[in-house]
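Below is one structure; the comments refer to it alone.
What follows draws every value from the coordinates through simple rules; no lab data is involved. Quick caveat: nothing in here was measured; it's all calculated off a predicted structure. Note that each Cβ is placed from the backbone with ideal geometry, even for glycine, and that neighbours are counted across all protein chains shown.
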């Protein structure tokens, strides 16, 4: 059964905009993998200063993604987010009704 989730993540900042776009596309593909999820809304918050330095990064590119995801697909999605070198931090929460 699919539920609504909000996925907010910080992509590693790169001078080349294409690298950031590729990271966002990759995360979207992870959400939609195996047709177990679908992105309903994508908000690009853009470059923001981090509250503290993470992996020698002082800035990051913030993205908020709303999606309907099957609960069985969550472990694989979180695994991919944790292992990705381009995602600095992420927060995945179940959206309210």
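Per the helix-only calculation at 222 nm, which mean residue ellipticity applies to the chain, given -39500 (n - 2.57) for every DSSP H run of n ≥ 4 and division by its residues, nearest 500 deg cm²/dmol?
On the way: 2 runs with 25 residues, N = 97.
Taking each H run of at least 4 residues, the total per residue is -8000 deg cm²/dmol.
Measuring nothing but how far apart in sequence close Cα pairs (under 8 Å, 6+ apart) lie, relative to its length, the chain scores a relative contact order of 47 percent. For the chain, the longest principal axis of the C-alpha atoms and the axis of helix 74-83 are separated by about 10°. With respect to the chain, whose longest principal axis is taken over its alpha-carbon atoms, helix 17-31 is tilted by about 20°. Each label point was placed 7 Å from the Cα along the Cα-to-Cβ direction; for residue 17 and residue 93 their separation is 3.1 nm.
Full extension from residue 8 to residue 41: what is 0.36 nm times the residue separation minus their Cα-Cα distance, to one decimal in nm? Display every interim value, and only then the final one.
Details: separation 33, 0.36 × 33 = 11.88 nm, distance 1.17 nm.
That works out to 10.7 nm of additional length.
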